[in-house]
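Here's the structure, in structure tokens; my notes come after.
The values are calculated or read from the model by the stated rules, or taken from the named source; none is laboratory data. Quick caveat: nothing in here was measured; it's all calculated off a predicted structure. Neighbour counts are summed over all protein chains in view; Cβ atoms, including those assigned to glycine, are modelled from backbone coordinates with ideal geometry. The area values use the complete protein model at the heavy-atom level, side chains included, leaving out ligands, DNA and RNA. Shrake-Rupley method; radii C 1.70, N 1.55, O 1.52, S 1.80 Å.
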Amino acid sequence: MLETEAYTMPSSLLWAVDVYGRVYSLSTVGQQWDQCKEAQLEFKRLTAAQQCCWAIACDHQIYLNVHARDVPIRYQEETYENQRWNPVDGFSDRLLPSDRWQWSDVTGLKHQQLESFQLPSENWEWEADWYVDENFGGEPTEKGGWTYAIDFPAVYTKDKKWNSCVRRRRWIRYRRYKARDTWAKVPSEQAGLLPDPFNDISCGGWEISDEPRGQISLWAVSLQGKVWFRKDIHHLSPEGSSWVEVQVPGEVVQISCGPGDLLWAVLWEGQLLVREGISRDCPKGSSWVVVESPSPEVGAIHVAVGVNVVWAITKDHRVWFRRGINSHNPCGSGWIGMVGEMVMISVGLNDQVWGINAEDRAIHMRQGVTASELSGKAWKALPSLRDSDRAHSSASASSFPSAGCFFGGEVRAQSQGSVRSDVDTEPDASCEGAPVLQGQEVVPKPRIPKVTSDSFISELVSDRDTHLGRHEGIARSPIPEEDQRAEQDDKAPPALVVSHSPSVGPDLQWSNVDLEEAQTHLAVGAASDTAETSSLSSVATYNLGLEEPYGPDEHPLWAWVSGGGCSVDSSLQLSWFNSSAGLSSSVQSMSLFVSPAQTAAWRKQIFEQLSERSKREMDNFRHYEQAIEQSVWVKKGSMQWWRDWKPHKWVDVSFALEQFCGTEGNKEGILFIYYTFNEEKKYLHTFINEVTILVPVLSDSKHTFAIYTAERTKQRWPIRLAAPTELEMYDWLALLSVSCCDSRDTQGPPSKQAIWSVTCKGDIFVSEPLPSLEATPYPMPCDQMFWRQIGGHLRTIECNSLGVVWGIGYDHTAWVYTGGYGGGIFQGLTSSTDNIYTQTDRKSIYIYENQRWNPVTGYTNRGLPTDRYMWSDASGLQECTKANTKPPSPHWTWVSDWTIDYNVPGGTDKEGWQYAADFPASYHGSKTLKDFVRRRRWARKCKITTTGPWQEVPPIPLCDITILPCMAQSKVEQVSLWAISNKGDVLCRLGVTAQTPAGTSWLHVGTDQPFKSISIGGAHQVWAIAKDGSAFYRGSVSPQNPAGECWYHIPSPPRQKLKQVSVGRTSVYAVDENVTLAVDQNILLSSYLVQVWIIADKVQGSHSLSCGTVCHRLGVQPMEPKGQSWDYGIGGGWDHITVRGNSLEGPRISLGVLPNQPIPNSTTLHSPLPLRNPEGMNGNVIQS
């Protein structure tokens, strides 16, 4: 059985607020609560997303904490300078009265001068001054960045013509959000009435659609019961723009928004509201639906929603679960009572649930929550582990001028003492703060913590007489709420005197602090005597002489918890509940008495004793003859075989693997396929040492895999077999793979020189190169390379000769190779017992809805007989409906429902449709009179969970990556690694070495536009391709200056937009959007290893088994970078290959001219060719 190491769960945070208004966070990879020291105010409630957290402070204003990331938040401001030509002045700013403004937006309708741009708030700063964008359509413009046209508006070109009467140029300036990892106040509107002070807040909505802007919905409830929505919150504007009131049929006291389109609220009367009509185009929704409370006698006081769940709490603290919740039925079908009593509940990203227990104020986590059992099984308390340094920040420990913002009035008496919790019922219950012993120095100005949870305040105020009366030695002075209001008007608040024995210290006095009406503009009402109160007329405060209110064995008293940004996988174990975390210091210290030297000595002694015993026992039997000289082992099974001759069809066969020991002790084997042809039994066989690769094949109806040999690779016709079940297929694949490795004596992890590749299914393969692979004039054909599978699932992979290997999944997650082998389908002895981790990946499955227009009904799903299927794949040749479309394999599971995909090349309208003249054609997002057909793309996400020697590198999603190639014997302290995020940001990884391949942190490299491809070659030469197809070169990159200084815009091939770039030592290769291979030879030459490999489609002679064939370019020399011919290698669905780790150089002999072959239609290009310094390179410098 494979012993897999504990998977390091991606880091995310669970946020909480205690009754003193202090904010804490608990990481999913940590084991203790960390107090947010940056908070300068006490907070009441908070709501969290993965990238940020909002909170309501005691002043009822909203504050935002954006988590620090390696990629900054940058927003591009732009404006256009327009000029017209006249015979006197030439081009000048003297425009016609009918022309656009001299400074305008791209449409010319809005006046935008440079001085009119202001920072949205004090949380932003300008990066630099305004500058001219000299890039136009992926090509550099003339000096000044002007583009010319006949008139406004028209089609602009970079070349000035004789009829160019107008011109314009774009000015750019970036602003950066600077308030990260700190609580910044969310600005209010500049004009108009400000919203009421807020009492509750909830964020969500980021999974409504896959918009690249990353929209987030923020909902708030004011003290007067109104509901507000924050507009324009996305990853480039975390603060949003303004508040919009949403009408509600009553007074709302609490609201909850899920990651999708679920939004529930609680009314003052105890009923619940459900928002309907929430969509991508209408994030605020359209209408409310009233849902009755779970218990008719007791109203609801709290609700929490997730993706497909709704939890509620009634006034008696009972917990309820709403069944039947989904995006089509947001109201659900009924309530189910759950075990436990809670005061509030929060739902996380995977519908995981946390709650605060009503009895002891501890946070509990719901165990057993899965996609099939959303209600979970039981509650489990989170350990109350806190860091050792519990000293409060100076802001919390000192007295603020605002005295806690909304809390006013003079405290009549201040003293030290112990204060009992509102949940303490026993006389000897532990107190919240440690008592002051005799002789202890009295602090002159003790801190006065405030109770900030509304429900906790109401309980404390309404029930304080009952609780205080249970304690011995306390003299009660009950004060009715009517008397309190009268006393407040007279500015003479009464006090509750709590007496203690002289040995404990001075008396503790309770003080009633009234709310300042002048400061809040609120009418103060009477305090409610129930737990569901949302606004209070008075708040009880009490004094603590010590800054630490909790003893060493006490847990914090929590007031609020938010798991909106916390991602917990139910199949993985959290470090929160590790048993070692709860060990006492005395038990943990026992291991300190055993030094590493003693451990090493013990191991050596045990090893010597075992070796001596083994030698002694074996010597007694040396005179015996060997009992078994040779063994034969056979495994048989039933399969189906895709017949080699026409008519091709699946036939039932018997499949057998025969293994035996060779004459030299090595393991050999033979594959037999027994079939019947014309009632005659026949067979075909293949020696196991001739097999070059075993590849699982994508198939909708069968569990198929292909067996390649060198001869069958040349014929483009592998042995295709189909197993009865997927389990049997993977069992055979694992067995055959191990047999192939044994016959070739290939075990253990891949070498640092290995060639890595990925199939279109995401399977990872590795091959050990031989020096003859690059030998000239007779290199080893690449169809003779042996490939073996490594566990894991990736979309792209990169490596170098120092053993640094990185990969990117389909969900843009970055992974680093840990040095192990096996995982996935390989178990037991065929896999390493360490460095194997759980790996997950997600991708979207797409289908298309097609419609044709007719004069009677308009667009309808009734097409012509010659049309494609009305529900099809992208080609239209295969019918794909929502019902019959399945995940790629049983290992994949659906994690979402079908949704309209708006992120389609060419754009869409508001309903997701694309229009064209006919099928197939070029699609666009707006309808014209000539468009008779339309389509829209539907997407559904699926997830796979596997194992392999890969560890996640959070938290930035990546789309491309490149690693510095070098010789195996080179001594490089820091390995240069560059990447591009899925948003187009250029990143440089710091701290990457052979010992620490994951590195330490990302360094953001500024660009003027998003990029899509990047490559680094020899001498740290970095080239990149922008999303508009333009090429850039990064100057002055060195080990001392890893990020370089500036970007140079390099002209692309004529009339071509580049798609991908790969840099070597002597040349730069690129692929354009027409899938044409191009090479730039204007590079200084060097005498290092030169090799070019690609993945190509439509290779000559290949059958339609699957796309992607490995091709090796022959005859590539420093003086001849184009090479001479192609060597077609392994086919069968390859998607990516990297040879940048191979530095084995073969013998070099003069190579004769070989007949040229056409360049195959390549989909992916990877070249490990390093590059020398391109001196004298033409291009315009662009400051980063």
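Here are the numbers for the structure shown:
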quantity	calculated
Reach of LYS927 by Cα under 25 Å, taken over lysines that are not fewer than 8 positions away in the same chain	LYS910
Solvent-free Debye scattering, log10 I(q)/I(0), computed from the Cα coordinates of the stretch 731-861 at q = 0.11, 0.13 Å⁻¹	-0.50, -0.63
Extension reserve of the LYS971-ARG744 stretch, reckoned as 0.36 nm per residue once the Cα distance is removed	78.6 nm
Flagged links, alpha-carbon separation over 18 Å, of LYS185/LYS231; LYS843/LYS943; LYS943/LYS983	LYS943/LYS983
Sulfur and carbon atoms: percent of accessible area, the stretch 22-166 [1.4 Å]	50
Cross-link partners of LYS1057 among lysines (Cα-Cα below 19 Å; sequence separation of 8 or more within a chain)	LYS158, LYS1012, LYS1027
Probe 1.4 Å, protein heavy atoms only - accessible area per residue of the stretch 904-1004 in square angstrom	43
Per-pair calculated FRET efficiency, R0 = 25 Å: ASP105 and LYS910 via Cβ, rounded to 0.05	0.70
Cβ charges +1 (Lys, Arg) and -1 (Asp, Glu), total dipole of the stretch 1-159, debye	560
Net charge, VAL248 excluded, C-beta distance under 14 Å - Lys, Arg +1, Asp, Glu -1	-3
Packing rank of 906-915, 13-22, where each peptide gets the mean count of other beta carbons within 10 Å, highest leading	13-22, 906-915
Contour excess over end-to-end distance, with Cα ends at LEU727 and HIS67 and 0.36 nm allotted per residue	233.2 nm
Cβ-derived FRET efficiency at R0 51 Å, GLN995 paired with ARG74, nearest 0.05	0.95
Contact order relative to length of the stretch 753-848, as percent, for alpha carbon pairs under 8 angstrom and 6 or more apart	22
Whole-Å distance, taken between Cα centres, linking the stretch 20-99 and the stretch 938-959	28
Partner lysines for LYS160 [C-alpha distance under 20 Å; skip if fewer than 8 residues away on the same chain]	LYS143
Point-to-point label distance, LYS615-HIS328, nm (Cα→Cβ direction, 7 Å offset)	7.5
Length added when fully stretched, ASP181-TYR846, from 0.36 nm per residue minus Cα-Cα	235.6 nm
Exposure rank, largest accessible area first [LYS761, LYS1122, LYS681, LYS702; 1.4 Å]	LYS681, LYS1122, LYS702, LYS761
Model label zone, LYS635; criterion: amide N under 12 Å from point 7 Å along Cα-to-beta-carbon; scope the stretch 731-754	731-740
Principal semi-axes in Å for the stretch 790-947 [√(5λ), Cα gyration tensor, largest first]	43, 17, 12
Test item: Cα-centred dipole of the stretch 195-276, Lys/Arg +1 and Asp/Glu -1 on Cβ, debye	120
